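All remarks here apply to the structure that follows.
The values are calculated or read from the model by the stated rules, or taken from the named source; none is laboratory data. All of these numbers come straight from a predicted model, not from anything done at the bench. For neighbour counting, all protein chains shown are included, and Cβ atoms are generated from backbone atoms with ideal geometry for every residue, glycine included. Keep in mind that these areas ignore ligands, DNA and RNA; they rest on the heavy atoms of the full protein, side chains included. Shrake-Rupley method; radii C 1.70, N 1.55, O 1.52, S 1.80 Å.
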Amino acid sequence: MRLALLADIHGNLAALEAVLADADAKGIEGIIAAGDHLATGPCPVQTFELLQERGAILIRGNNDQDLVDIRVGRAPAAWQSGVHYGPLRWSAAQLTPAIIDAVTALAEQRVLQFGNAPPICLVHGSPLDVREPVLPVTGALVAEVAHVTGLPSTRTLPRPLGDVMADVQASVLVCGHTHLQWRACLDGRLAVCPGSVGVPTNGTGHADYALLTLVDGRWQAELRSVPYDRERLLRDYHDSGLHDDGGPLARAFMADALSGQCLSIMFFWHAHRLARQAGLKPDSWLPDHVWFDTERSFDRARAERDYLPAYQRLARALDRAGHTCD
(Lines give C-alpha, C1' and ligand atoms only; values in the text may rest on other atoms or scores of the structure.)
Protein backbone atom coordinates (compact mmCIF):
# COMPACT_ATOMS: atom_id res chain seq x y z
CA MET A 1 0.00 0.00 0.00
CA ARG A 2 1.16 3.52 -0.80
CA LEU A 3 -0.40 6.77 0.42
CA ALA A 4 0.24 10.42 -0.46
CA LEU A 5 0.77 12.67 2.56
CA LEU A 6 -0.11 16.33 2.01
CA ALA A 7 -0.25 19.34 4.31
CA ASP A 8 -0.69 23.11 4.15
CA ILE A 9 -2.03 23.39 0.60
CA HIS A 10 -3.35 26.89 1.37
CA GLY A 11 -5.54 27.24 -1.70
CA ASN A 12 -2.72 26.67 -4.20
CA LEU A 13 -4.52 24.61 -6.84
CA ALA A 14 -1.65 24.60 -9.32
CA ALA A 15 0.68 23.04 -6.75
CA LEU A 16 -1.94 20.52 -5.61
CA GLU A 17 -2.58 19.30 -9.14
CA ALA A 18 1.15 18.82 -9.75
CA VAL A 19 1.57 16.88 -6.50
CA LEU A 20 -1.40 14.62 -7.26
CA ALA A 21 -0.06 13.92 -10.75
CA ASP A 22 3.30 12.92 -9.28
CA ALA A 23 1.66 10.80 -6.60
CA ASP A 24 -0.60 9.08 -9.13
CA ALA A 25 2.45 8.20 -11.21
CA LYS A 26 3.90 6.56 -8.08
CA GLY A 27 0.83 4.35 -7.71
CA ILE A 28 -0.84 5.79 -4.63
CA GLU A 29 -3.95 4.15 -3.24
CA GLY A 30 -5.08 7.00 -1.02
CA ILE A 31 -4.52 10.63 -0.03
CA ILE A 32 -4.14 12.03 3.47
CA ALA A 33 -4.11 15.81 4.04
CA ALA A 34 -3.05 17.23 7.41
CA GLY A 35 -4.96 20.52 7.44
CA ASP A 36 -4.78 24.14 6.27
CA HIS A 37 -6.28 23.26 2.91
CA LEU A 38 -7.85 26.56 1.86
CA ALA A 39 -6.76 29.80 3.48
CA THR A 40 -4.70 32.65 1.99
CA GLY A 41 -4.26 31.16 -1.50
CA PRO A 42 -6.15 32.13 -4.67
CA CYS A 43 -8.21 28.95 -5.23
CA PRO A 44 -9.70 27.84 -1.90
CA VAL A 45 -12.96 26.43 -3.30
CA GLN A 46 -11.39 24.57 -6.22
CA THR A 47 -8.68 23.17 -3.95
CA PHE A 48 -11.13 21.79 -1.42
CA GLU A 49 -13.44 20.41 -4.11
CA LEU A 50 -10.53 18.56 -5.74
CA LEU A 51 -9.59 16.98 -2.41
CA GLN A 52 -13.20 15.90 -1.97
CA GLU A 53 -13.36 14.49 -5.51
CA ARG A 54 -10.25 12.43 -4.85
CA GLY A 55 -11.67 11.04 -1.62
CA ALA A 56 -8.85 12.48 0.47
CA ILE A 57 -8.84 11.86 4.21
CA LEU A 58 -8.88 15.35 5.73
CA ILE A 59 -8.51 16.99 9.11
CA ARG A 60 -8.99 20.61 10.13
CA GLY A 61 -6.00 22.93 10.49
CA ASN A 62 -5.83 26.18 12.44
CA ASN A 63 -6.40 28.32 9.33
CA ASP A 64 -9.34 26.14 8.29
CA GLN A 65 -10.92 26.86 11.66
CA ASP A 66 -10.14 30.58 11.28
CA LEU A 67 -12.10 30.69 8.03
CA VAL A 68 -15.14 29.07 9.60
CA ASP A 69 -14.92 31.42 12.60
CA ILE A 70 -14.95 34.45 10.29
CA ARG A 71 -17.95 33.20 8.34
CA VAL A 72 -20.06 32.28 11.37
CA GLY A 73 -19.18 35.39 13.39
CA ARG A 74 -16.94 33.78 16.03
CA ALA A 75 -13.77 35.59 15.00
CA PRO A 76 -12.50 38.56 17.03
CA ALA A 77 -13.87 41.92 15.95
CA ALA A 78 -10.43 43.05 14.71
CA TRP A 79 -10.52 40.33 12.05
CA GLN A 80 -13.61 41.83 10.41
CA SER A 81 -12.01 45.02 9.08
CA GLY A 82 -8.66 46.44 8.02
CA VAL A 83 -5.95 44.92 5.86
CA HIS A 84 -4.28 42.93 8.67
CA TYR A 85 -6.67 40.01 8.21
CA GLY A 86 -7.42 40.76 4.57
CA PRO A 87 -6.20 37.40 3.17
CA LEU A 88 -8.25 35.40 5.69
CA ARG A 89 -11.36 37.51 5.08
CA TRP A 90 -10.99 37.17 1.33
CA SER A 91 -10.61 33.39 1.61
CA ALA A 92 -13.59 33.08 3.94
CA ALA A 93 -15.77 35.09 1.57
CA GLN A 94 -15.17 32.58 -1.23
CA LEU A 95 -16.50 29.58 0.67
CA THR A 96 -19.85 28.06 -0.19
CA PRO A 97 -22.24 26.94 2.56
CA ALA A 98 -21.48 23.33 1.63
CA ILE A 99 -17.74 23.83 2.11
CA ILE A 100 -18.28 25.65 5.40
CA ASP A 101 -20.32 22.69 6.63
CA ALA A 102 -17.72 20.22 5.38
CA VAL A 103 -14.81 22.03 7.03
CA THR A 104 -16.78 22.43 10.27
CA ALA A 105 -17.37 18.67 10.32
CA LEU A 106 -13.67 17.82 10.05
CA ALA A 107 -11.92 16.50 13.15
CA GLU A 108 -8.74 18.19 14.40
CA GLN A 109 -7.01 14.80 14.49
CA ARG A 110 -7.67 11.21 13.54
CA VAL A 111 -6.17 7.77 14.01
CA LEU A 112 -6.23 5.92 10.69
CA GLN A 113 -6.19 2.16 10.24
CA PHE A 114 -5.64 0.50 6.88
CA GLY A 115 -6.27 -3.21 7.23
CA ASN A 116 -3.58 -4.84 9.34
CA ALA A 117 -1.07 -2.01 8.76
CA PRO A 118 0.25 -0.10 11.79
CA PRO A 119 -2.09 2.77 12.78
CA ILE A 120 -1.36 6.36 11.77
CA CYS A 121 -2.02 9.38 14.00
CA LEU A 122 -2.90 12.35 11.80
CA VAL A 123 -2.66 15.85 13.31
CA HIS A 124 -2.07 19.37 12.01
CA GLY A 125 0.13 20.81 14.75
CA SER A 126 0.70 18.33 17.56
CA PRO A 127 -1.49 15.76 19.33
CA LEU A 128 -2.05 18.36 22.08
CA ASP A 129 -2.62 21.57 20.11
CA VAL A 130 -3.47 22.31 16.49
CA ARG A 131 -1.09 25.31 16.58
CA GLU A 132 1.87 23.63 18.31
CA PRO A 133 4.81 23.07 15.93
CA VAL A 134 6.56 19.71 15.94
CA LEU A 135 10.17 19.29 14.79
CA PRO A 136 12.70 16.47 15.22
CA VAL A 137 15.29 19.01 16.42
CA THR A 138 15.11 21.71 19.05
CA GLY A 139 17.45 23.69 21.27
CA ALA A 140 20.04 26.31 20.33
CA LEU A 141 19.90 25.81 16.56
CA VAL A 142 16.13 26.17 16.38
CA ALA A 143 16.27 29.15 18.73
CA GLU A 144 18.78 30.85 16.41
CA VAL A 145 16.72 30.15 13.31
CA ALA A 146 13.55 31.29 15.03
CA HIS A 147 15.27 34.53 16.07
CA VAL A 148 16.50 35.29 12.55
CA THR A 149 13.62 34.06 10.40
CA GLY A 150 10.63 33.41 12.61
CA LEU A 151 10.85 29.68 11.93
CA PRO A 152 9.25 27.76 13.38
CA SER A 153 6.26 30.03 13.83
CA THR A 154 6.24 29.81 17.59
CA ARG A 155 7.16 31.92 20.59
CA THR A 156 8.57 28.91 22.42
CA LEU A 157 10.93 26.17 21.29
CA PRO A 158 9.36 22.91 20.13
CA ARG A 159 9.18 20.11 22.66
CA PRO A 160 11.64 17.23 22.12
CA LEU A 161 10.20 14.78 19.61
CA GLY A 162 10.29 12.04 22.24
CA ASP A 163 7.93 14.06 24.43
CA VAL A 164 5.56 14.59 21.50
CA MET A 165 5.59 10.90 20.60
CA ALA A 166 4.74 10.05 24.20
CA ASP A 167 1.31 11.59 23.45
CA VAL A 168 0.86 9.26 20.45
CA GLN A 169 -0.41 5.69 20.72
CA ALA A 170 -0.04 4.93 17.00
CA SER A 171 3.12 3.70 15.27
CA VAL A 172 3.23 6.68 12.93
CA LEU A 173 2.70 10.41 13.50
CA VAL A 174 1.87 12.61 10.51
CA CYS A 175 1.80 16.36 11.17
CA GLY A 176 1.94 19.67 9.30
CA HIS A 177 1.78 23.34 10.30
CA THR A 178 5.49 24.27 10.20
CA HIS A 179 5.79 24.02 6.37
CA LEU A 180 9.13 22.28 7.06
CA GLN A 181 9.62 18.88 5.44
CA TRP A 182 11.19 16.18 7.59
CA ARG A 183 11.02 12.58 8.79
CA ALA A 184 12.50 10.88 11.86
CA CYS A 185 12.37 7.50 13.56
CA LEU A 186 12.36 7.08 17.32
CA ASP A 187 12.19 3.79 19.24
CA GLY A 188 10.87 2.00 16.18
CA ARG A 189 8.18 4.59 15.42
CA LEU A 190 7.98 7.02 12.53
CA ALA A 191 7.18 10.75 12.58
CA VAL A 192 6.86 12.70 9.34
CA CYS A 193 5.90 16.18 8.21
CA PRO A 194 5.40 16.23 4.42
CA GLY A 195 6.14 19.96 4.23
CA SER A 196 3.79 22.37 2.49
CA VAL A 197 2.19 21.77 -0.88
CA GLY A 198 1.09 25.36 -1.35
CA VAL A 199 3.55 27.57 0.55
CA PRO A 200 6.71 25.47 0.80
CA THR A 201 9.68 26.41 2.92
CA ASN A 202 12.41 24.77 0.89
CA GLY A 203 14.19 27.57 -0.97
CA THR A 204 13.07 26.31 -4.39
CA GLY A 205 9.32 26.98 -4.39
CA HIS A 206 8.64 23.40 -5.48
CA ALA A 207 5.59 21.77 -3.89
CA ASP A 208 6.49 19.43 -1.03
CA TYR A 209 4.71 16.23 -0.05
CA ALA A 210 5.56 12.70 1.08
CA LEU A 211 4.81 9.11 0.15
CA LEU A 212 4.00 6.62 2.89
CA THR A 213 4.61 3.03 1.76
CA LEU A 214 3.91 -0.19 3.63
CA VAL A 215 6.98 -2.42 3.41
CA ASP A 216 7.10 -5.75 5.26
CA GLY A 217 4.41 -4.60 7.66
CA ARG A 218 6.05 -1.22 8.45
CA TRP A 219 5.40 2.26 7.08
CA GLN A 220 8.28 4.01 5.34
CA ALA A 221 8.27 7.69 4.35
CA GLU A 222 9.78 9.21 1.21
CA LEU A 223 9.99 13.00 1.02
CA ARG A 224 9.27 14.47 -2.40
CA SER A 225 9.42 17.93 -3.97
CA VAL A 226 7.62 18.62 -7.25
CA PRO A 227 8.10 21.57 -9.63
CA TYR A 228 4.90 23.17 -10.88
CA ASP A 229 3.72 26.13 -12.95
CA ARG A 230 4.31 29.05 -10.61
CA GLU A 231 3.42 31.48 -13.39
CA ARG A 232 -0.04 29.95 -13.21
CA LEU A 233 -0.09 30.59 -9.47
CA LEU A 234 0.78 34.23 -10.12
CA ARG A 235 -2.03 34.47 -12.67
CA ASP A 236 -4.43 32.86 -10.20
CA TYR A 237 -3.59 35.52 -7.61
CA HIS A 238 -4.40 38.28 -10.11
CA ASP A 239 -7.39 36.64 -11.82
CA SER A 240 -9.07 35.69 -8.54
CA GLY A 241 -8.77 39.22 -7.14
CA LEU A 242 -6.73 38.09 -4.13
CA HIS A 243 -3.64 40.01 -5.24
CA ASP A 244 -5.47 43.34 -5.06
CA ASP A 245 -8.30 42.71 -2.60
CA GLY A 246 -6.22 40.75 -0.07
CA GLY A 247 -3.91 43.70 0.59
CA PRO A 248 -0.21 43.80 1.56
CA LEU A 249 -0.24 40.54 3.49
CA ALA A 250 -1.77 38.60 0.61
CA ARG A 251 1.03 39.85 -1.61
CA ALA A 252 3.64 38.92 1.02
CA PHE A 253 2.21 35.40 1.25
CA MET A 254 2.22 35.19 -2.56
CA ALA A 255 5.91 36.10 -2.66
CA ASP A 256 6.64 33.37 -0.12
CA ALA A 257 4.78 30.76 -2.16
CA LEU A 258 6.56 31.73 -5.36
CA SER A 259 10.04 31.75 -3.79
CA GLY A 260 9.80 28.91 -1.27
CA GLN A 261 11.15 31.26 1.40
CA CYS A 262 9.09 32.08 4.48
CA LEU A 263 9.86 35.78 4.74
CA SER A 264 6.36 36.78 5.85
CA ILE A 265 7.38 36.50 9.51
CA MET A 266 10.22 38.94 8.83
CA PHE A 267 7.65 41.13 7.04
CA PHE A 268 5.60 41.08 10.27
CA TRP A 269 8.64 42.00 12.34
CA HIS A 270 9.37 44.94 10.04
CA ALA A 271 5.78 46.12 10.52
CA HIS A 272 6.21 45.97 14.29
CA ARG A 273 9.42 48.03 14.06
CA LEU A 274 7.63 50.68 12.04
CA ALA A 275 4.76 50.70 14.53
CA ARG A 276 7.11 51.23 17.46
CA GLN A 277 8.90 54.01 15.58
CA ALA A 278 5.50 55.68 15.10
CA GLY A 279 4.80 55.47 18.83
CA LEU A 280 2.32 52.60 18.49
CA LYS A 281 2.27 49.53 20.68
CA PRO A 282 2.48 46.46 18.45
CA ASP A 283 -0.01 43.78 19.37
CA SER A 284 -2.19 41.36 17.42
CA TRP A 285 -3.58 44.20 15.27
CA LEU A 286 -1.92 47.11 13.48
CA PRO A 287 -3.60 49.99 11.62
CA ASP A 288 -3.75 49.86 7.84
CA HIS A 289 -1.17 52.57 7.19
CA VAL A 290 1.51 50.54 8.98
CA TRP A 291 0.99 47.59 6.64
CA PHE A 292 1.14 49.76 3.51
CA ASP A 293 4.28 51.47 4.85
CA THR A 294 5.71 48.01 5.54
CA GLU A 295 5.04 46.87 1.99
CA ARG A 296 6.73 49.96 0.57
CA SER A 297 9.83 49.75 2.77
CA PHE A 298 10.38 46.00 3.29
CA ASP A 299 13.74 45.03 1.79
CA ARG A 300 13.08 41.48 0.63
CA ALA A 301 16.56 41.01 -0.82
CA ARG A 302 18.14 41.90 2.52
CA ALA A 303 15.70 39.63 4.35
CA GLU A 304 16.70 36.77 2.04
CA ARG A 305 20.36 37.32 2.86
CA ASP A 306 19.58 36.94 6.56
CA TYR A 307 17.13 34.12 6.04
CA LEU A 308 19.03 31.73 3.79
CA PRO A 309 22.07 30.87 5.98
CA ALA A 310 19.90 30.27 9.04
CA TYR A 311 17.37 28.21 7.10
CA GLN A 312 20.09 26.13 5.44
CA ARG A 313 21.54 25.21 8.85
CA LEU A 314 18.10 24.06 9.98
CA ALA A 315 17.53 22.16 6.73
CA ARG A 316 20.79 20.24 7.26
CA ALA A 317 19.72 19.37 10.80
CA LEU A 318 16.34 18.12 9.56
CA ASP A 319 18.09 16.03 6.92
CA ARG A 320 20.34 14.46 9.57
CA ALA A 321 17.26 13.61 11.64
CA GLY A 322 15.96 11.63 8.67
CA HIS A 323 19.01 9.40 8.76
CA THR A 324 17.55 7.74 11.87
CA CYS A 325 15.16 5.98 9.49
CA ASP A 326 17.88 4.62 7.15
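Of note:
- Placing unit charges on each Cβ (+1 for Lys and Arg, -1 for Asp and Glu) gives region 1-145 a dipole about its Cα centre, and among Pro76, Pro44, Gly115 the Cα reaching farthest toward its positive end belongs to Pro76.
- Of all DSSP beta bridges in the chain, antiparallel share, percent nearest 5: 65 percent
- Comparing Gly217, Val148, Tyr85 along the charge dipole axis of the chain, the residue lying farthest to the positive side is Val148, per the Cβ-charge model.
- Summed residue charge, Cβ within 13 Å of His179's Cβ, Lys/Arg positive, Asp/Glu negative: -4
- Convex hull of Cα atoms in region 97-200, direction-averaged projection (nm²): 8.0 nm²
- Relative to the dominant Cα principal axis of the chain, helix 288-297 is inclined by about 80°.
- Helix 44-53 axis versus longest C-alpha principal axis of the chain: approximately 10°, rounded to the nearest ten.
- Here the convex hull built on the C-alpha positions of the chain has a volume of 127 cubic angstrom per residue.
- Glu295 accessible area, assembled protein chains, probe 1.4 Å, Å²: 60 Å²
- For region 176-326, pairs of C-alpha atoms spaced more than 28 angstrom apart make up 33 percent of the total.
- Three-way shape call for region 1-150 based on the alpha-carbon gyration tensor, with the a/c threshold at 1.5: oblate
- About the centre of its Cα atoms, region 104-220 shows a dipole size close to 80 debye [charges on the beta carbon of Lys, Arg (+1) and Asp, Glu (-1) only; nearest 20 debye].
- Heavy-atom surface of the chain, accessible at 1.4 Å and reported per residue (Å²): 41 Å²
- Region 146-216 and region 63-133 have Cα centres lying 19 Å from one another.
- Accessible surface of region 214-266, 1.4 Å probe, proportion on carbon and sulfur as whole %: 46 percent
- Placing +1 on the Cβ of every Lys and Arg and -1 on the Cβ of every Asp and Glu, with nothing else charged, gives the chain a dipole about its Cα centre of roughly 620 debye.
- Summed over qualifying helices (DSSP H, 4 residues or more, each -39500 (n - 2.57)) and divided by its residue number, the chain shows a 222 nm mean residue ellipticity of -13000 deg cm²/dmol.
- By DSSP, the beta bridges lying fully in region 134-218 are antiparallel in about 70 percent of cases.
- Taking the longest Cα principal axis of the chain as reference, the axis of helix 62-72 is set at about 60 degrees.
- Cysteines in the chain that lack a partner Cβ within the 4.7 Å cut-off: Cys43, Cys121, Cys175, Cys193, Cys262.
- Computed over region 180-303: relative contact order in percent, which uses C-alpha pairs under 8 Å that are six or more apart: 19 percent
- Relative contact order (%) - criterion: Cα under 8 Å, at least six apart; region: region 13-106: 32 percent
- Residue of Ser297, Ser196, Ser126 that the Gaussian network model of the chain assigns the largest fluctuation, springs spanning Cα pairs under 10 Å: Ser297
- For Asp129, the solvent-accessible surface with a 1.4 Å probe is about 70 Å², rounded to the nearest 10.
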